[in-house]
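Each remark here refers to the structure printed beneath this line.
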Amino acid sequence: MNVIEKYTRAVASSNLRDDGHHHSTEVLAAVALCQTRLASKLFRVKYAADATIYAALLADWTEIVTFKSLLRTWPVEVSPKKIARLSLDHWLNDVCPTCFGTGFQAAPGHVNILSDIPCRACKGTAKRPIQAKHNLMTYVADMVESLEGMTIQAGGEAMRKLASQMNVE
């Protein structure tokens, strides 16, 4: 089970005891203690469906995107605030609506059976295409990639923290 699955299960759990049989709190603590900036907020909004901190997440992400735009010398007409909102909104809702994230088309005449044919809408990636004006597309895609990288890094950090707590005999 990966970190995202453990995190989702822990957040949805009605029993957060931490004893010999229950370890739901460990993954929550591991994510919260990650060095990756925004990790806890990203996980809470996307995987725990907690929209209450979306505004704080967007503000923090806008600050990061603004800094990146200065380092990368983006053109003046490219608004870091707009790129931050578009990229975060896409990352939070990136599942292809046509194939529902499977990456494949349904078999003809069967709604619940998948064919071997990749989804036409997402080209088999299971992710919906980025929707932005043509001149903003590369900036949004780059920031979505940064969010993916932050999530992967945070997941790796959390797994290392969890692994170091395991008693290997």
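Where a number appears in this text, it was derived from the coordinates with a stated rule and is not lab data. If you're wondering where the values come from, they're calculated on a predicted model, not measured in any experiment. Every residue, glycine as well, gets a Cβ built from its backbone with ideal geometry; the counts of neighbours run over all protein chains shown.
The table for this structure:
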| read-out | value |
| --- | --- |
| Pairwise label distance in nanometres, residue 116 with residue 137, each label 7 Å out on the Cα-Cβ vector | 3.1 nm |
| Loop-resident sites, region 52-136, for chymotrypsin sites (Phe, Trp or Tyr not before Pro), counting at most 16 other Cβ within 10 Å (DSSP) | 100 |
| Charged-residue dipole, Cβ positions (Lys, Arg, Asp, Glu), region 55-137 about Cα centre, Debye nearest 20 | 200 debye |
| Set of region 136-150 residues, backbone N closer than 13 Å to the point 7 Å along the Cα-Cβ line of residue 71 | 143, 146-147, 150 |
| Estimated distance in nm for a label pair at residue 98 and residue 145, the labels positioned 7 Å out from Cα along Cα-to-Cβ | 2.3 nm |
| Gyration tensor verdict on region 86-169 (Cα atoms; rounded if a/c is under 1.5, prolate if a/b is larger than b/c, oblate otherwise) | oblate |
